[in-house]
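Inspection log for the structure reproduced underneath, given as C-alpha cells.
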Amino acid sequence: MSKKIQAVRGMRDILPEQTPLWQFLEDRARAVLEGYGYREIRLPIVEMTDLFKRSIGEVTDIVEKEMYTFDDRNGDSLTLRPEGTAGCVRAGIENGLLHNQAPRLWYQGPMFRHERPQKGRYRQFHQIGVEAYGLPGPDIDLEVILLSARLWKALGLDQLELQLNTLGLAQERAAYREKLVAYLGSRVRALDEDSRNRLHANPLRVLDSKHPDMAEVIAEAPILLDHLGSESMAHFDWIRGNLDDLGVQYRVNPRLVRGLDYYSRSVFEWVTTRLGAQGTVCAGGRYDGLVEQLGGRAVPAVGFALGIERLIALLEEAYGDSLAKDPLAYLLLAGEQAQARGLQIAEQLRDQVPGLRLQVHCGGGGFKGQFKKADKSGARFALILGAEELKRGVCGVKPLRTDEQQQEVALDALADFLKNQTR
Ligand code: ATP
Ligand code: MG
C-alpha cells in the first residue's frame with residue numbers, strides 16, 4: 001500500500017479556529033508599523049543558496065544543518081528562506097532602495113528551517129520582520145524597540161521581558177574573541193560537539209549555545225561588555241538612558257549574542273517564561289556590516305523579527321476563541337420559493353449594510369436541522385423565511401444567544417434592524 005499523504009513534519013495547517021488570532025496579530029502589527037512610517041515589502045520565498053551562506057555565515061546552525069536547499073532544474077542551488085533579513089537586503093541593493101534614502105521596511109511570511117519540531121519550534125514558521133536602513137545613530141535602535149513594545153501593548157500582551165545587550169564593533173570583538181578562545185580552550189573538555197567546532201571558526205556563537213551542559217561554561221566566560229570602546233558604550237548608554245526616561249523596563253543580559261553573524265552594537269530580545277524553552281518571541285538588533293557584505297555600499301541597518309507562532313500561543317492563552325468573527329445572522333429558508341428569494345434578499349442586505357456578516361442556509365432541509373446549523377455557526381440571530389413570511393413581507397428574527405422572544409421584522413425594515421445590531 002502506498003504511504004498515506006500527510007503534511008510534512010514540522011509544517012502545520014493553520015485551521016479556521018486559529019486564523020482569527022493570526023488576523024488579529026497581523027492587523028494590529030500593520031497598524032503599529034504604519035504608525036511609524038514603515039512600508040511593506042513582499043519578497044520571494046526562494047533565494048539563491050549563496051545569499052544565505054554569505055549573510056548568515058557558513059558556521060551557523062542555520063547554514064550548517066537547517067536549510068532546505070535543493071537544485072532547481074537548471075542545476076542552480078536554491079534555498080527556502082530560513083529568515084527574511086538577507087532577502088530584504090538583497091532586494092534593497094538590487095532595486096536601489098538603499099541609495100540616498102533611509103527606507104523603513106517590513107515583511108511577513110513563512111520561513112523554513114529543518115529543526116527538531118516541538119512546541120514553539122516548527123520547520124515552516126512565520127515571522128514579521130522589520131528593517132530600517134541608512135541610520136547609524138542610536139535613535140533608530142531605540143525607536144524599533146519602542147515600536148515592538150507598542151505592538152505588545154496593541155496585542156494586549158504583558159509579561160514580556162526586554163533583554164538588551166551590545167556587541168560593539170567587529171574590531172572591539174576581535175580583542176574579546178582572543179580572550180574568549182583562550183578561556184574556551186581551557187575548558188575544551190566541557191564543550192559540546194558544536195561548540196568545539198565553533199571554538200575557532202565562530203567562538204562568539206558558543207555563547208548562544210542552547211545545550212544545557214554548556215550553561216556553566218557560558219556563565220563563567222569573560223564578558224564582552226567589559227571589552228568595548230567608549231563610542232560603543234555611549235551608543236548603548238544613550239539607548240538605556242532613554243528607555244529609563246520612557247519607563248520601559250529592560251534587563252541587560254551580557255550573555256545575549258544573536259545566532260547570526262552580522263550583528264553589531266545593539267541586540268535585543270523579548271522573552272516570555274510562559275512558553276518553556278522556546279521563550280523568545282522577538283529578536284533583533286543592529287547589523288551595520290551586512291549590506292556591504294552582500295555587495296552593496298556600507299549602509300547601517302537595524303531590525304528585528306518576531307516569531308508569529310510563539311505570539312499566537314500567547315494570544316491563544318489571552319483570548320481563546322473570543323476573537324472569532326461569527327456571522328451576525330444566519331438566514332433559514334424553508335420551501336422552494338424562499339430558497340430563491342432568500343438569496344436575493346441576502347444580496348440586497350449586503351448592499352445595504354456595510355460589513356454585514358450574513359450566512360445564508362444552502363442545501364435545503366427542515367427547520368430543525370437548519371436551526372442546528374444556525375446555532376453552530378455562532379450567529380447572534382436566526383432569520384427565518386418561509387412561504388408564509390414571504391406572503392406577508394416579513395421575516396422571523398430569533399435571538400440565538402439570549403432568551404429574548406422571537407419577533408417579526410418587515411422585510412423592508414430588516415436592513416435597518418441589522419444595521420442597529422452591528423453599530
Ligand atoms: P531560537 O533561539 O529560539 O532558535 P533563533 O535565534 O534561531 O531562535 P531568529 O533567527 O532570531 O531565532 O528568529 C526570530 C524569531 O523567530 C525567534 O525569536 C522566534 O520567535 C522565531 N523562530 C525562530 N525559529 C523558529 C522556529 N523554528 N519555529 C518557530 N519560531 C521560530
Ligand atoms: Mg534557532
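The values are calculated or read from the model by the stated rules, or taken from the named source; none is laboratory data. The structure displayed is predicted, hence computed values, not measured ones. Cβ coordinates were reconstructed from backbone atoms using ideal geometry, including for glycine residues, and neighbour counts include every protein chain displayed. The protein model used for the area step is the full one, side chains on, heavy atoms only, and it has no ligands, DNA or RNA in it. Shrake-Rupley method; radii C 1.70, N 1.55, O 1.52, S 1.80 Å.
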| request: Would you mind giving the average projected area, over all directions, of the Cα convex hull of the range 135-256 in nm² with one decimal? | output: 8.8
| task | Calculate, axis by axis, the spread of Cα positions in the range 54-168 along the three principal axes, and write the results as whole Å, longest axis first. | result | 45, 42, 28
| field | For the chain, accessible area per residue (1.4 Å probe, heavy atoms of protein chains only), Å² | value | 51
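Ignoring everything except DSSP H segments at least 4 long, calculate the 222 nm mean residue ellipticity for the chain; use -39,500 (n - 2.57) per segment, divide by total residues, nearest 500. Present the calculation step by step, with values, prior to reporting the outcome.
Working: 14 runs with 159 residues, N = 423.
Computed mean residue ellipticity for the chain: -11500 deg cm²/dmol.
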| query | At a probe size of 1.4 Å, how large is the accessible area of Trp238, to the nearest 10 Å²? | reply | 100
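So if I take the alpha carbon set of the range 188-322, get Rg, then get Rh from the Kirkwood formula, what is the Rg over Rh ratio?
Numbers: Rg = 17.3 Å, Rh = 17.3 Å.
Using only Cα positions, Rg/Rh for the range 188-322 is 1.00.
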| Portion, in percent, of the accessible area of the chain that falls on carbon or sulfur, probe 1.4 Å | 48
| field | Overall form of the range 365-423 per C-alpha gyration tensor (a/c, 1.5; a/b vs b/c) | value | oblate
| query | Does the range 21-97 classify as rounded, prolate or oblate by the C-alpha gyration tensor (a ≥ b ≥ c root eigenvalues; a/c under 1.5 gives rounded; else a/b over b/c gives prolate, otherwise oblate)? | reply | prolate
| Fluctuation leader among Asp351, Asp139, Asp76 - the chain, Gaussian network, Cα springs under 10 angstrom | Asp351
| said: I'd like the Karplus ³J(HN,Hα) series for the range 380-386: coefficients 6.51, -1.76, 1.60, θ = phi - 60°, whole numbers in Hz, and an x wherever there's a Gly or Pro. | reply: 7, 10, 9, 9, 10, 10, x
| task | Please give the solvent-accessible surface of Met48 in Å², to the nearest 10, using a probe radius of 1.4 Å with every protein chain present. | result | 130
| Which value results when the Cα radius of gyration for the chain is divided by 2.2 N^0.38 Å? | 1.26
| task | Determine the distance separating the Cα centre of the range 74-112 from the Cα centre of the range 234-287; give it in Å without decimals. | result | 23
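Looking at the P(r) of the range 324-371, how many percent of alpha-carbon pairs lie beyond 16 Å? If you can, show how the numbers build up before the last one.
Values: 448 of 1128 pairs.
Tail fraction, whole percent: 40.
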| Mind checking the dipole of the range 54-191: about its Cα centre, +1 per Lys or Arg Cβ, -1 per Asp or Glu Cβ, Debye to the nearest 20? | 460
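Once the Cα gyration tensor of the range 238-309 is found, what semi-axes does its equivalent ellipsoid get, as square roots of 5 times the eigenvalues, in whole Å, sorted largest first?
Over the Cα atoms of the range 238-309, the semi-axes work out to 24, 18, 10 Å.
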| request: Take the cross-link list Lys325/Lys419; Lys3/Lys210; Lys372/Lys398; Lys4/Lys325 and give me the ones stretching past 24 Å between alpha-carbons. | output: Lys3/Lys210; Lys4/Lys325
| Backbone HN-Hα couplings from phi across the range 388-394 [Karplus 6.51/-1.76/1.60, Hz, Gly and Pro as x] | 4, 4, 4, 4, 8, x, 10
| Cα gyration tensor shape for the range 328-414, rounded if a/c is under 1.5, else prolate or oblate | rounded
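Give the residue list of trypsin sites (Lys or Arg not before Pro) in the range 278-379 that are DSSP loop and have at most 12 other beta-carbon atoms within 10 angstrom. Mind showing how you got there, number by number?
Values: sites: Arg286, Arg297, Arg310, Lys325, Arg341, Arg350, Arg357, Lys368, Lys372, Lys373, Lys376; in loops: Arg297, Lys325, Arg357.
In loop regions of the range 278-379 (DSSP not H, G, I, E or B), the sparsely surrounded trypsin sites (Lys or Arg not before Pro) are Arg297, Lys325.
Tally the DSSP beta bridges in the chain and give the antiparallel ones as a percent, rounded to 5.
Values: 48 of 60 bridges.
If I count the DSSP bridges inside the chain, around 80 percent turn out antiparallel.
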| In terms of modelled amide H atoms, which long-range or inter-chain residues lie less than 5 Å from the amide H of Cys282? | Trp270, Gly307
